Amino acid sequence: MTTETWKPVPGYEGAYEVSDLGRVRSLDRVIVRSDGVRRRFPGKIIKPYVDPNGYDRVALALSGSRSLRCAHQLVAAAFLGPRPVGQEVRHIRGVAGGHGVDNLEYGTPTENNADKVRHGTLLRGEDVGTSKLDEAAVRAIREARGVKQRDLAARFGCRQGHISRIVNRQRWRHVA
């Protein structure tokens with residue numbers, strides 16, 4: 001059986017801890033309200049919610065200020081140290097829900113995107129929820145010789161600049 005190691009959440013020392021398995025807990029504390037009444041809050045494991053991208057988020061509060069934080073970022077800060085400038089937390093096995101320290105490391109955005117391509121988790125094209133086009137539309141745009149881009153934009157419900165980037169393969173590069 002694996003033992004769980006807990007460390008203070010950087011910036012929330014004395015209030016919250018995070019484990020090497022990706023769980024977050026609050027610590028026992030006493031809050032003095034503005035009217036002077038003291039209220040005791042027992043520590044507990046915080047139940048995360050899963051955001052639309054599949055990441056666990058937890059709400060942390062300190063001095064009346066509440067913020068939502070990604071569990072994997074808290075684990076990385078506590079166990080890997082401060083995030084180097086220009087780097088982000090990478091899930092090296094490609095599991096967004098895998099917040100254990102053994103699945104995390106720091107890397108550049110380029111490395112992180114390469115990981116996403118390798119794991120098959122990079123959203124692109126019609127997989128992006130806000131996409132107005134699909135691959136068939138992109139092929140039709142690229143095959144439309146002699147048709148003005150503004151006419152294509154009106155037909156497909158997007159801007160002429162987007163049509164230009166599709167034609168010049170600056171967007172939707174993965175579509176042949």
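The values are calculated or read from the model by the stated rules, or taken from the named source; none is laboratory data. All values reported here derive from a predicted model rather than from experimental measurement. Here the Cβ is made from the backbone with ideal geometry for all residues, glycine too, and neighbour counts use every protein chain on show.
Remarks
- Check on Val18, under 22 Å from Asp102 (Cβ atoms) and not basic (Lys, Arg): yes
- Selection from the range 42-79 of residues that are basic (Lys, Arg) and either part of a helix (DSSP H, G or I) or within 19 Å of Leu27 (Cβ to Cβ) (or both): Lys44, Lys47, Arg66, Arg69
- Pick from the range 163-176, criterion part of a loop (DSSP other than H, G, I, E, B) and of a type in the set (A, V, I, L, M), ranking: nearest to His91 (Cα to Cα): Val175
- Count of the range 110-166 residues which are at pLDDT below 90 and of a type in the set (Lys, Arg): 5
- Of the helices (runs of 4 or more DSSP H) contained entirely in the range 99-162, those carrying at least 2 residues that are surrounded by fewer than 16 Cβ atoms within 10 Å (Cβ to Cβ) and β-branched (Val, Ile, Thr) fall at 109-119.
- Output for the range 3-40, where each listed residue is loosely packed, with under 12 Cβ neighbours inside 10 Å and not in a strand (DSSP E or B): Thr3, Glu4, Gly14, Asp28, Arg33, Ser34, Asp35, Gly36, Val37
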